[in-house]
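Notes follow once the structure below has been shown.
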Amino acid sequence: MAVSFKTVDEFSEGQRLDNYLLKHLKGVPKSHVYRVIRKGEVRVNKGRKKAEYKLQLDDVVRIPPIRVSESGQVEASDNLKQLLTDSVLYEDKGLLIINKPSGLAVHSGSGVTIGVIEALRSMYKDP
């Protein structure tokens, strides 16, 4: 993605800079948007502005290239799939009960790339 320039129209006039960017950068975490504003990578009329800045009609907003990691489906390893399959206590069309192994995260998060929920989603994909 390259640097892009957006001109503020009458629909975005008076909107805060941070909210304008969040609207135009779908899928980018809020923390990342605020970071690029703080670092001065986002410019309005060639100048640095704070997140609270109210945009004016015909302001030119410079948006830096922003890379967003692909949040696509994570594939569970064969070992994890087997571990979860062995942990199933009951399963029918609408219910799955497992005895979750200790030490295994339920959700992915900081430093955890895959948890039980993501592994189950990769195992029980809809056709």
Number of positions in region 108-127 that are of a type in the set (D, E, K, R) and either surrounded by fewer than 10 Cβ atoms within 10 Å (Cβ to Cβ) or farther than 30 Å from G27 by Cα (or both):
2
Since R43 meets every condition but one in (1) within 23 Å of G109 (Cβ to Cβ); (2) at pLDDT 95 or above, which condition does it not meet?
(1)
So which residues in region 7-58 are in contact with a Pro (Cβ under 7 Å, 6 or more places away or on another chain) and either of a type in the set (S, T, Y) or in a loop (DSSP other than H, G, I, E, B) (or both)?
E41, V42
Restrict the check to region 78-86 and report whether at least one residue is touching a residue at least 12 places away in the same chain (Cβ under 8 Å) and part of a loop (DSSP other than H, G, I, E, B).
no
For region 76-94, enumerate the residues that are surrounded by 10 or more Cβ atoms within 10 Å (Cβ to Cβ), within 20 Å of H107 (Cβ to Cβ) and of a type outside the set (V, I, T).
A76, S77, L80, K81, L83, L84, S87
From the list A51, A105, which residue is outside the structural domain of G115 (by TED's automatic domain parsing) and surrounded by 10 or more Cβ atoms within 10 Å (Cβ to Cβ)?
A51
All but one of (1) touching a Ser or Thr at 6+ places or on another chain (Cβ under 9 Å); (2) in a loop (DSSP other than H, G, I, E, B) hold for I66; which doesn't?
(1)
Sort out which residues of region 1-48 are surrounded by fewer than 11 Cβ atoms within 10 Å (Cβ to Cβ) and basic (K, R), and write them in order of number.
K23, K26, K39, K46
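The values are calculated or read from the model by the stated rules, or taken from the named source; none is laboratory data. Keep in mind the model is a prediction, meaning the values are calculated, not measured. Don't worry about glycine lacking a Cβ; one is built from the backbone with ideal geometry, like all the others, and counts go over all protein chains shown.
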